[in-house]
Amino acid sequence: MSCTIELEKGVIDTDLCTNCGACTNLCPYLISFKGRVIRVFNCETENGRCHAFCPRINVDSESLRDDFFDKEIYVPEIGPFYGLYLTRATDTGLRSNSQHGGTTTALLELALKEGFIDSAVLTQSTGGLEPQTIIATRPEDIRNCQGSSFQIPPTLAGLNEALKGEAYKKIGVVGTPCKTLAVYKMIKKLATDDEHGMDKIGMVFGLFCGWGLDWLGLDDLVKRHTTVNKLKQMDILPSSFGVMELKTEDGLIEIPLDEIYPIIKESCKYCTDFTAEFSDISIGGARSSAGWKVDQGWNQLIVRTEKGKELLEIARAKGVLEFKDMEPYNLDKLKKASMNKKRTGLKNLIEKTGNKSDLMYLSPNDPVIKGILNSAPFK
Amino acid sequence: MNEKRILLMGNEAIARGALEGGVSYSTGYPGNPSSEIIETMFSFKDKHEISVEWSVNEIVALEAAAAFSFAGLHAMVAMKQNGINVCSDFLTTVALDDLKGGLLLVVCDDPGPLTSSNEEDSRHFAKIAQVPLLEPSTPQEAKEMAKWLLNFSKQMGIPCILRSVSRLSHGRSGVTLDSIERPKAEPFFDRDKPLVGLPHLVTINHGKLLQKMEKVQQIFEQSPFNQYEGPDDARLIIMTTGLGFLYAREAVETLSLTDTVGILKIGTTWPLPAGLLQKYLKQADEVLFVEEIDPFLEDQVKVLYAETNGEMGAVKFYGKKSGDVQGPGGPGVGEINGDVVLDALTKILQRERPWSKDYAQKAAAHAEKMLVPRELSFCQGCPHRASFLAIKVALDLDGRQGFVVGDIGCYGLAAGATGFNQIKALHCMGSGMGNASGFSKLKSFGFNQPAVAVAGDSTFYHSCIPALVNAQANKADALFVVLDNSVTAMTGFQLNPASCGVAASDLINPIPVEELTRGLGIKTAVLDPVEDIGKAKETVYNFLQEDGVKVIVFRHVCATFKKKKIKDGQRSSARVDQEKCLGEQCGCDRFCVRIINCPAIQYDSPKAKAYIEEDICNGCSMCLQLCPQKAIMLVDTATGEVVK
Ligand SMILES: Cc1cc2nc3c(=O)[nH]c(=O)nc-3n(C[C@H](O)[C@H](O)[C@H](O)COP(=O)(O)OP(=O)(O)OC[C@H]3O[C@@H](n4cnc5c(N)ncnc54)[C@H](O)[C@@H]3O)c2cc1C
């Protein structure tokens, strides 16, 4: 079977596709459009890169992890772990337009300046809608991409574009967990196909991710509550708040989560990674034992590689980021949230296949998965 | 004039016959196998001061021609079999008139269709309208009949039909020419003799028509167009019309049966010469019917036989009904040939076939080995390729399992790989838009698939306008794409109301499609699909998301027409940069050769790179936009300079 048909049958038709974009921009056959990957025409290639890159087919997390991360620092709940930090950008101007604390944007700018990366594949949206993939090469391009889009853009289509030719040699990528996983699959495949391929990825920044939303569903939702051109940003608050916030020119609109649940992207229900375990650094919104509001405007950040460590140290030394002390609460809470997502994802996969040993794209032999499946409520 | 014999195609012979018969006006709508009749008339136009034009459809053609007849001059209309359906409403009413000039309708059937969406036997219309119909067997006879019918139509005051089939229309043989008659009559419409089909007059006129047809039948009894050949005491007689006569003769001669089997060739198929037929029915013990397509003669002769209440003695009938006359498709399906008659005769006479039955299959299999396999394809540079690519991708992106309902024209090929298998329904001229309008009405039954109608410019004027008005008036939700390539390309680049730009002509007042559709209040976009496939896709997608009737005009002149027209002008061709084309390494999986599939794009397997056959490339530059490596450029073929 050709690889495009295999992807269509095994990933798209089964609602596993996350629209990460890893399979697109490689050939004329797969197109990402409004949150969906669509196969047009049929290729006859059997072992295409699309297939090798896909984060929803043949994922062997254990061996992929062993290829790129230090085994010693592996924490089953949250992946490779050098440390958890509470940070935010020192620059208040930057911070005010960012999703949470602006850590991501600040680190990207720093990485560019310090030569960790020469470009960054980012997502630019209008208040979170109509996200587009951008190859940023200047600090101002990076700033134009602040804020999160819950309509999942095919970011890695941009990475595939950036990988063509010789224009970029150290590409930075920011992505949700499905995307960063795909990036490591890409690096691995490229390393076998072409020895230079691997060097071209400078740094990978992961975003924590609960789930994304259906593209057209979110369009409709926004249209129901405001006009698109008034929209400035959107965020989903921790589930205890039960709301999604739309920041508009006319002020804040709160939308009950009951309206959000029906438009959760189907493929996100089968995800087991909350903290973007495949990345140099991963970043999310901060949570405090004293409540969400206390640390609102801060990020929590996990360092996973030496490179990540190095960049964070420079950020500290140069005062690019502010750091806040943390209680043990934060790590525990994060581990718990991450483990919850793993359990839910596995539960949904098993429900879908009706078989505990068929986890579709995941390997039931992965030690972490095995561990979960051997304990309550699966046992 | 000295007797002159020249080689003529059947359709040219028909035109010549009309010229010799004194025709003043000829028109029609192009359609294989009839198109060359009016094309030939165009070549007579200036020298003989004949008015010739292409009409937008067959009914207006017949109506216009009738006006000449009403004013006392001869007129001829030509069409393919589908056309007679289009004009049948007028045909059945004008038959009730008392015509002043000759009105000849030439219809060319396409058995075993080469280029038709049906396999209709148009002879039935003669019976429906109660008008005379002749069937020639050779180009010579076609010419004679056309000439004779114009004058006979005038003499009887009724329209007449001449029926040809593809092999006759397109076959060539020697034809002896006669002198050319020019009409002496001054055209005049007599206001004291109104031609009005009001109900109370219809029965009167219908009665008169039937009386005229009785007279016609008496004349046909003596007609030289009917001939018998063979022994006077033949017990087995082949009754045949049209090309069947030649097939019958071939079979009889091959089997050396000329001394025992008789052939009655009928040229006056309607009304049948009953007396003549009964004479031979009486003589024969066995009758074999040979004709294309339906058992028309066969059925009518059997009626005649029954009407004589046993006077004819016992006759055994063989033909399509008995299954003795049939090609590979079965009785009444497809073309017949000499071999089919040979089969029937050997079976009836229990003779050995002179050669094995699978001879034809063996010959075909052998010939196939010598042929390069070729699939039906749009020409190189054909704008339809871009249009269907845009439609396909837009429908895929739309994701509601939308589909295309097609129409009649080159773009019908889009049911196959060259048009990305997009057309899923294809019937008659104008049907796509009617279908699309109906599909949208299924919405209230839970149907959600968008149907996109496509039609060419010529088809649009021919019969899409009523469907469009219907859709708009009845508040349908339908997207209609007009593939405007400026000419009626499939039938030989005839002019039509869309003809402008390179196709502009003094003969045509161009009527842009969008002016019409916008006049109907329909949102209309006009763009060149070849120039910007991305924009074309986007427009189709966006229009699909909107309610109501929408029209997209994809305008780009037919590449083959343009190439013919601008013979020595500057020519450009695509060229593949051999460095940039990554071949098998690209990941595109030979997208240009496999999917775009333009005849000019080729693949060099040893080198594993694509290249362009520059001699045939029409320089449309569609492939430039689609190569993922941007490895294709456009060059001026004379200077080699890169243009794009
Ligand atoms: C779909 C989604 C779900 C998320 N869910 C959670 C969650 O449950 N819990 C949590 O703590 N955090 C979540 N986040 C992360 C959070 O929204 C912030 O991105 C993160 O805290 C970084 O904030 P910041 O202020 O540093 O970001 P900024 O400085 O504003 O930078 C944001 C960066 O994210 C990139 N980006 C925006 N949208 C996307 C996207 N859809 N895909 C890839 N890259 C994108 C932009 O290119 C930009 O560089 C989610 C993010 C996304 C996109």
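A single member of A:77, A:46, A:72 is away from the ligand (no atom under 16 Å from the Cβ), over 30 Å from residue A:138 (Cβ atoms) and touching a residue at least 40 places away in the same chain (Cβ under 8 Å), and it is A:46.
Using the structure shown, decide if residue B:333 is within 31 Å of the chain's Cα centre (by Cα), outside the structural domain of residue B:527 (by TED's automatic domain parsing) and either hydroxyl-bearing (Ser, Thr, Tyr) or under 22 Å from residue B:427 (Cα atoms) (or both).
Numbers: within 31 Å of the chain's Cα centre (by Cα): yes; outside the structural domain of residue B:527 (by TED's automatic domain parsing): yes; either hydroxyl-bearing (Ser, Thr, Tyr) or under 22 Å from residue B:427 (Cα atoms) (or both): yes.
Criteria met by residue B:333.
In a residue-by-residue description of segment B:407-420, the property of being in contact with a Ser or Thr (Cβ under 8 Å, 6 or more places away or on another chain), surrounded by 12 or more Cβ atoms within 10 Å (Cβ to Cβ) and among the polar types (S, T, N, Q) applies to at least one position.
Within segment A:43-64, the set of residues being crowded, with 20+ Cβ neighbours inside 10 Å and of a type in the set (D, E, K, R) comprises A:49, A:56. Listed by first and then second residue, the pairs with beta-carbon distance under 6 Å, at least 6 apart or on different chains, first residue in segment A:286-301 and more than 13 Å from residue A:101 (Cβ to Cβ) and free of Cβ contacts under 8 Å to residues at least 40 places away in the same chain, second acidic (Asp, Glu) and within 15 Å of the ligand (Cβ to nearest atom), form an empty list.
Does residue A:231 meet the test of being within 14 Å of chain B (Cβ to nearest Cβ), of a type in the set (A, V, I, L, M, F, W, C) and either more than 10 Å from the ligand (Cβ to nearest atom) or under 15 Å from the mean Cα position of the chain (by Cα) (or both)? Before you say what the answer is, go through the steps one by one.
Details: within 14 Å of chain B (Cβ to nearest Cβ): no; of a type in the set (A, V, I, L, M, F, W, C): yes; either more than 10 Å from the ligand (Cβ to nearest atom) or under 15 Å from the mean Cα position of the chain (by Cα) (or both): yes.
No.
What are the residues in segment A:13-34 that are within 11 Å of chain B (Cβ to nearest Cβ) and in contact (Cβ under 8 Å) with a residue 12 or more places away in the chain, if any?
Here is the first cut: in segment A:13-34, the residues within 11 Å of chain B (Cβ to nearest Cβ) are A:23, A:25-34.
Within segment A:13-34, A:23, A:25, A:26, A:27, A:28, A:29, A:30, A:32, A:34 meet the criteria.
Residue count for segment B:234-244 satisfying the condition of being outside any strand (DSSP E or B) and either out of contact with any Gly (no Cβ under 9 Å at 6 or more places or on another chain) or not assigned by TED's automatic domain parsing to the domain that holds residue B:282 (or both): 1. If you go through segment B:34-90 and keep only what is assigned to a loop (DSSP other than H, G, I, E, B) and either of a type in the set (A, V, I, L, M, F, W, C) or in contact with a helix residue (DSSP H, G or I) (Cβ under 9 Å, 6 or more places away or on another chain) (or both), you end up with B:34, B:50, B:55, B:56, B:57, B:71, B:72, B:73. Per this entry, residue A:119 is not counted among residues that are under 24 Å from residue A:283 (Cα atoms), modelled with pLDDT under 95 and away from every other protein chain (no Cβ under 14 Å). In the condition set (1) in a helix (DSSP H, G or I); (2) within 15 Å of the ligand (Cβ to nearest atom), residue A:224 is compliant with all but (2). Of the residues making up segment A:192-210, not a single one is within 15 Å of the ligand (Cβ to nearest atom), more than 14 Å from every other protein chain (Cβ to nearest Cβ), part of a helix (DSSP H, G or I) and not basic (Lys, Arg). With the condition kept exactly as written, say whether any residue in segment A:85-92 is farther than 15 Å from residue A:279 by Cα, of a type outside the set (A, V, I, L, M), within 12 Å of the ligand (Cβ to nearest atom) and surrounded by fewer than 22 Cβ atoms within 10 Å (Cβ to Cβ). Yes, there is a match, as at least one residue in segment A:85-92 is farther than 15 Å from residue A:279 by Cα, of a type outside the set (A, V, I, L, M), within 12 Å of the ligand (Cβ to nearest atom) and surrounded by fewer than 22 Cβ atoms within 10 Å (Cβ to Cβ). If you filter segment A:116-131 down to residues that are without any contact (Cβ under 8 Å) to a residue 40 or more places away in the chain and within 10 Å of the ligand (Cβ to nearest atom), you find that the one that is surrounded by the fewest Cβ atoms within 10 Å (Cβ to Cβ) is A:124. Being surrounded by 24 or more Cβ atoms within 10 Å (Cβ to Cβ), away from chain B (no Cβ under 14 Å), among the small types (Gly, Ala, Ser) and more than 8 Å from the ligand (Cβ to nearest atom) is a property that residue A:172 has.
Every residue, every condition in (1) of a type in the set (Gly, Ala, Ser); (2) more than 9 Å from the ligand (Cβ to nearest atom); (3) under 20 Å from residue A:16 (Cβ atoms); (4) at pLDDT 95 or above, yes or no:
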residue	(1), (2), (3), (4)
A:140	no, yes, no, yes
A:145	no, no, no, yes
A:151	no, no, yes, no
A:158	yes, yes, no, yes
A:166	no, yes, no, no
A:179	no, no, yes, yes
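When you scan segment B:399-413, do you find a residue that is within 14 Å of another protein chain (Cβ to nearest Cβ) and either among the hydrophobic types (A, V, I, L, M, F, W, C) or at negative phi (or both), even just one? Among the residues of segment B:399-413, at least one is within 14 Å of another protein chain (Cβ to nearest Cβ) and either among the hydrophobic types (A, V, I, L, M, F, W, C) or at negative phi (or both), which makes the answer yes. Scanning segment B:586-597 for residues that are surrounded by 16 or more Cβ atoms within 10 Å (Cβ to Cβ) and more than 14 Å from every other protein chain (Cβ to nearest Cβ) turns up nothing.
What about residue B:605, is it touching a residue at least 40 places away in the same chain (Cβ under 8 Å), away from every other protein chain (no Cβ under 11 Å) and small (Gly, Ala, Ser)? Lay out the reasoning, then the answer.
On the way: touching a residue at least 40 places away in the same chain (Cβ under 8 Å): no; away from every other protein chain (no Cβ under 11 Å): yes; small (Gly, Ala, Ser): yes.
Answer is no for this residue.
Just one of (1) under 30 Å from residue B:616 (Cα atoms); (2) modelled with pLDDT under 95; (3) not in a loop (DSSP other than H, G, I, E, B) fails for residue B:339. It is (1). Considering only segment B:447-476, state which residues are over 24 Å from residue B:79 (Cα atoms), surrounded by 18 or more Cβ atoms within 10 Å (Cβ to Cβ) and of a type in the set (Gly, Ala, Ser). Within segment B:447-476, B:451, B:453, B:471, B:476 qualify.
What tally of residues in segment B:148-178 results from selecting those that are among the aliphatic types (A, V, I, L, M) and part of a strand (DSSP E or B)?
Qualifying residue count for the region: 5.
Taking segment B:218-232 as the range and being outside any loop (DSSP other than H, G, I, E, B), within 13 Å of residue B:271 (Cβ to Cβ) and in contact with a strand residue (DSSP E or B) (Cβ under 8 Å, 6 or more places away or on another chain) as the test, only B:220 passes.
If the condition is being of a type in the set (Val, Ile, Thr) and in a helix (DSSP H, G or I), then segment B:507-533 contributes B:513, B:517, B:533. Determine whether residue B:438 is buried (at least 20 other Cβ atoms within 10 Å of the Cβ), under 18 Å from residue B:549 (Cβ atoms), out of contact with any strand residue (DSSP E or B) (no Cβ under 6 Å at 6 or more places or on another chain) and free of Cβ contacts under 8 Å to residues at least 60 places away in the same chain. No. Filtered by the rule that a residue be more than 13 Å from residue B:293 (Cα to Cα) and not small (Gly, Ala, Ser), segment B:316-339 gives B:316, B:317, B:318, B:324, B:328, B:339. Pairs meeting the criteria (first residue in segment A:101-115 and aromatic (Phe, Trp, Tyr), second residue within 12 Å of the ligand (Cβ to nearest atom), beta carbons under 9 Å, at least 6 apart or on different chains) are lacking.
The values are calculated or read from the model by the stated rules, or taken from the named source; none is laboratory data. On a predicted model such as this, the values are computed, not experimentally measured, just so you know. Quick reminder, even Gly has a Cβ in these numbers, built from the backbone with ideal geometry, and neighbours come from all protein chains shown.
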